[in-house]
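Structure record follows, encoded as structure tokens.
The values are calculated or read from the model by the stated rules, or taken from the named source; none is laboratory data. What you are looking at is a predicted structure, and each value in this text was computed from that prediction instead of being measured. Please note: Cβ atoms are built from the backbone with ideal geometry, for glycine as well, and neighbour counts cover all protein chains shown.
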């Protein structure tokens, strides 16, 4: 797991918590911030996933033809 994957998943979780707190407290601002944090985390973790797949694809397979 690379740094982007970890940070993205943490931001996504933080966003979900903010949304829940905003909903409970009736704070539209906090709920909106949570939505933004969750979306940002999703993008960052997806980017990290793509980097990891590219890294794995670049490794030699070890097969000989």
Only listed residue being within 21 Å of residue 1 (Cβ to Cβ) and either under 21 Å from the mean Cα position of the chain (by Cα) or at pLDDT 95 or above (or both), chosen from 32, 41, 26: 41
Exactly one of 14, 23, 29 is surrounded by 13 or more Cβ atoms within 10 Å (Cβ to Cβ), assigned to a helix (DSSP H, G or I), out of contact with any strand residue (DSSP E or B) (no Cβ under 7 Å at 6 or more places or on another chain) and free of Cβ contacts under 8 Å to residues at least 12 places away in the same chain, and that one is 23
